[in-house]
Every structure is written in C-alpha cells, then in structure tokens.
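Chemist: I am attaching a structure below and will ask some questions about it afterwards.
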Amino acid sequence: MTLKGGLGPPLLPDNLAEKPAEGLAATIYYGRPGTPMPPWKQFMSENEADWIVQKLMTAFPE
Ligand code: HEM
C-alpha cells in the first residue's frame, strides 16, 4: 500500500534505481523461491510484470 516495505523490501523509485529492471520483473513474475515473495505468473504476463517495474521505478501509484 505504501511501497515502503515491511515483510518485503521498499519498492520506491530510490530503492530500485540501482537494480536492473529485468531482474525486478523476473522477481515479480517468478517470485523468489525460499522467501515469502510469491510468483505472480498465474495472474499476469511477462509484459505486465515489465510494466509494473517501469511504473514502480517512476513512482507508482502517485
Ligand atoms: C503485486 C504484488 C507484489 C509486487 C509487485 C512485488 C514486487 C517485488 C519486487 C520488485 C521485489 C524485489 C525488490 C528488490 O530486489 O529490491 C520483491 C521482493 C520481495 N517481496 Fe514482493 N511483491 C509483491 C507482493 C508480495 C507479497 C504478497 C509478499 C509476501 C506476502 C512479498 C514479499 C516479498 C519479499 C519477502 C521480498 C524479498 C525477497 C528476498 O529476500 O529476496 N511480495 N517484491
């Protein structure tokens, strides 16, 4: 809701700036096995995961 993290890390633009977009999109799509981050591939396409990353990196939602 706030993108400031909690169980997971913060997802604000400053926190993501140094990270490769491709890896972030893979985290969303496939999850991070062994962590609570679940895969979302049942619910979205890889293009949609890319779209979320682009939005997060440029402040989303406003
Ligand atoms: C659509 C919803 C979600 C999105 C877009 C999302 C996105 C992300 C992204 C981009 C990362 C990587 C951050 C980085 O490397 O700096 C991440 C990591 C993580 N997320 Fe999520 N997440 C979502 C939902 C969740 C949920 C529901 C949980 C747990 C209940 C969760 C738990 C975590 C955790 C624990 C990590 C860190 C994994 C590690 O230790 O490497 N996330 N998430």
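The values are calculated or read from the model by the stated rules, or taken from the named source; none is laboratory data. What you are looking at is a predicted structure, and each value in this text was computed from that prediction instead of being measured. As a convention, Cβ positions derive from the backbone with ideal geometry for all residues, glycine included, and neighbour counts pool all protein chains shown. Areas reflect the complete protein model, heavy atoms only, side chains present, ligands, DNA and RNA absent. Shrake-Rupley method; radii C 1.70, N 1.55, O 1.52, S 1.80 Å.
Chemist: Does T27 qualify as being open to solvent by less than 90 Å² (accessible area, probe 1.4 Å), assigned to a helix (DSSP H, G or I) and within 11 Å of the ligand (Cβ to nearest atom)?
Modeler: yes
Chemist: List the number of the failed condition for N15; all other conditions in (1) touching a residue at least 12 places away in the same chain (Cβ under 8 Å); (2) open to solvent by less than 90 Å² (accessible area, probe 1.4 Å) hold.
Modeler: (1)
Chemist: Now, a different point. What number of residues within region 30-47 satisfy the criterion of being more than 8 Å from the ligand (Cβ to nearest atom) and hydrophobic (A, V, I, L, M, F, W, C)?
Modeler: 2
Chemist: Tell me which residues, restricted to region 10-24, are within 9 Å of the ligand (Cβ to nearest atom) and closer than 16 Å to F60 by Cβ.
Modeler: Correct list: P10, L11, N15, L16, K19, L24.
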